[in-house]
Amino acid sequence: VSVLSEKQLMVPELGDGFGISAAPGFNVIATANLRDRGVHEMSSALKRRFNFEMVRPITDRGFEAELIARALDAELGEQRAPMSPEVLDILVTVFADLRTGTTATGTMSTAEAVNVGVAASLSARYLGDGAVRASDIARQMVGVALKGQDEDAKRMRFYVDSVVRERAASNAQWRDFLNASQELWE
């Protein structure tokens, strides 16, 4: 708190009054996930020393797909398995649906979509045929839901059983997603 208030850190082990002052322009930037508050709630004294900015999820699916693709390239480079625009669209659509639909969860950020894309890409490259399929995305999504809170798993199951099943009736990519999801639920 003293670092944020007085921009000075006192170091008692070095003697009375010994402190280190922050350089001009010193700032602290911190992030927090409001759903996952960690072990302890932030104290009111600490809260008073921060300005809060709420970052809303991206609503432009084309822009989100572009961000995810760039992030996958940056993170994986040559290790990235190819992902067709249709499979990338499924990844973006699932996250958008789960963020905003009747099965909405608060944890479906673009960063998490990148994490799913990374895991699916690595799985496809090293355990699959080398190309990311809708089934790779499904396995990662269901795996994340099953490892999370029970409510997340229920929402994902409902989403697969209703929304994905309906889309799978007329689209092979969604059918691939549905089949892989159902294998994991069994």
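The values are calculated or read from the model by the stated rules, or taken from the named source; none is laboratory data. The structure presented is a predicted model; accordingly, all values stated were derived computationally and were not measured. Here the Cβ is made from the backbone with ideal geometry for all residues, glycine too, and neighbour counts use every protein chain on show. Please note that ligands, DNA and RNA were not included when accessible areas were found on the heavy atoms of the full protein model with its side chains. Shrake-Rupley method; radii C 1.70, N 1.55, O 1.52, S 1.80 Å.
In sequence order, the stretch 43-53 has phi-based couplings of 5, 5, 5, 6, 4, 5, 9, 10, 9, 9, 10 Hz under the Karplus curve 6.51 cos²θ - 1.76 cosθ + 1.60, θ = phi - 60°, and Gly or Pro positions carry x. For K47, a cut-off of 19 angstrom between C-alpha atoms picks up these lysines, skipping any fewer than 8 places away in its own chain: K7. Each residue, A169 and T100, gets one label point 7 Å from its Cα in the Cβ direction; the gap between the two is 2.3 nm.
Counting only Cα atoms, the stretch 112-186 measures 31, 30, 22 Å along its principal axes, largest extent leading. With all protein chains present, how much of the accessible area of the stretch 47-186 (probe radius 1.4 Å) comes from carbon and sulfur, to the nearest whole percent? Roughly 51 percent, rounded to a whole number.
Let me have the relative contact order for the chain, percent, based on Cα pairs under 8 Å that are six or more residues apart. That works out to 16 percent. Could you work out how far helix 110-127 tilts from the main Cα principal axis of the chain, as a 0 to 90 degree angle to the nearest 10? So the helix axis and the longest Cα principal axis differ by about 50 degrees.
Given C-alpha coordinates of the stretch 36-186, what is the ratio Rg to Rh with the Kirkwood estimate of Rh?
Expressed as Rg/Rh, it is 1.02.
Taking a quarter of the surface of the Cα convex hull of the stretch 1-100 gives a mean projected area of 11.2 nm².
Each residue, E75 and D161, gets one label point 7 Å from its Cα in the Cβ direction; the gap between the two is 3.0 nm. Counting only protein heavy atoms and a 1.4 Å probe, the chain has 64 square angstrom of accessible area per residue.
The stretch 127-185 and the stretch 55-93 have Cα centres separated by 17 Å.
A straight Cα-to-Cα reach below 18 Å connects K147 with the aspartates and glutamates D36, E112, D136, E183, E186, residues fewer than 8 places away in its own chain not being considered. Legend: Rg and Dmax of the stretch 47-100, from Cα coordinates, 14.9, 47 Å.
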